[in-house]
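Reading through the structure tokens given below for one structure.
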Amino acid sequence: MKKILFIALFISTASFAQKSINNYKYIIVPSKFEFVKGKDKYQTSSLTKFLFNKYGFTAFLDDEQLPKEVANNRCLTLTGTVKDNSSMFTTKSIIELRDCYNKVVFTSQEGKSKEKEYKKAYQEAIRNAFKSIEALKYKYVPLQEEVVKTESTSDVITAVKVVENKSVEVKNDKNIVEALYAQSTANGFQLVNMKPEVVFQVLKTNVKDIFVIKDKNGILYKNGNSWFAEYYDNDIKMIKEYQIKF
């Protein structure tokens, strides 16, 4: 029986250039920043989420339930983190936005505070750093979204869309599910199959269940009970489903 698959291709001229901040729909804020010892210490994470929402974004903490479309397309989101650049007498905070490939797409000016109490100092510095976010005047503008309907009797469905005279081929091997085992490394994991051989090396990000695939233009993310490796091999977009035991 022929299978009919609908492959959503989020393709536009911006796919081949850097996206605007306005093209990202959500912000995910870590519930714990690197410079504090506890979850939402000094309310740094909840304040950051609040300020992103205040200035027009739709923000969530990474331990909150996320919209379903985020699970289907993590590249709709940016990770909004606070970096500490403090000196001995001045608390300094920088707001950093990273995309789904862990690439920095925006860095704010330093927000500073001379307050001595940690909570007041961090919160004042973060608020001052958010003046750069306010200046963006963010308003969500979705990229052109096109859905390609493809029929095939094979397990591999190929869709080709030409944009700006460039051919982008998508291969979706969703019916082939391979089991992998995660072995811890300094910055993430190496994923090993049953042979055994290393299939991927993945690096941790600040977002739960999202890893950057080392040496590939792609990410590993969890959707339901499965993991998906999504990456480009030249102009071919690969999507592969795995069962991974961490």
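The values are calculated or read from the model by the stated rules, or taken from the named source; none is laboratory data. Just so it is clear, the model here is predicted, and its values are computed rather than measured. Glycine also receives a Cβ, built like all others from the backbone with ideal geometry; neighbour counts cover every protein chain displayed. Surface areas here come from the heavy atoms of the whole protein model, side chains and all, with no ligands, DNA or RNA. Shrake-Rupley method; radii C 1.70, N 1.55, O 1.52, S 1.80 Å.
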Task: Subset of K120/K208; K49/K103; K222/K245; K49/K92 violating a 24 Å alpha-carbon distance limit - done: K120/K208
Task: From phi via Karplus (6.51, -1.76, 1.60), per-residue ³J(HN,Hα) for the stretch 88-104 in Hz, x at Gly/Pro - done: 4, 10, 9, 7, 10, 10, 10, 8, 10, 10, 10, 8, 5, 9, 6, 8, 6
- [ ] Quickly work out the V105-to-Y181 label distance, labels modelled 7 Å from Cα along the C-beta direction, and quote it in nm with one decimal.
- [x] 3.8 nm
- [ ] State the dimensionless ratio Rg/Rh of the stretch 194-244 (Rg: radius of gyration of Cα atoms; Rh: Kirkwood radius).
- [x] 0.96
- [ ] For R74, R98, R127, give the ranking by accessible area with the largest first, probe 1.4 Å.
- [x] R127, R98, R74
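Calculated FRET efficiency, D209 and K120, Cβ-Cβ r, R0 25 Å, to nearest 0.05? Working shown, then result.
Values: r = 34 Å, r/R0 = 1.36.
The pair D209/K120 has a calculated efficiency of 0.15.
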TODO: Kindly state, to the nearest 0.05, the FRET efficiency for S132 paired with N53, given R0 = 22 Å and r defined as their beta-carbon distance.
DONE: 0.85
Task: Accessible area (Å², 1.4 Å probe, nearest 10) - L136 - done: 60 Å²
Task: Whole-Å distance, taken between Cα centres, linking the stretch 57-120 and the stretch 180-246 - done: 24 Å
Open item on the list: With a 1.4 Å probe and all protein chains left in place, how much accessible area per residue does the stretch 172-246 have, in Å²?
Closed with: 56 Å²
TODO: Please express the shape of the stretch 54-152 as an equivalent ellipsoid: the semi-axes are the square roots of 5 times the eigenvalues of the C-alpha gyration tensor, given largest first in whole angstrom.
DONE: 34, 13, 12
- [ ] Give, as a single signed number, the net charge of other residues whose beta carbon lies under 11 Å from the beta carbon of V29, with Lys and Arg counted +1 and Asp and Glu -1.
- [x] -2
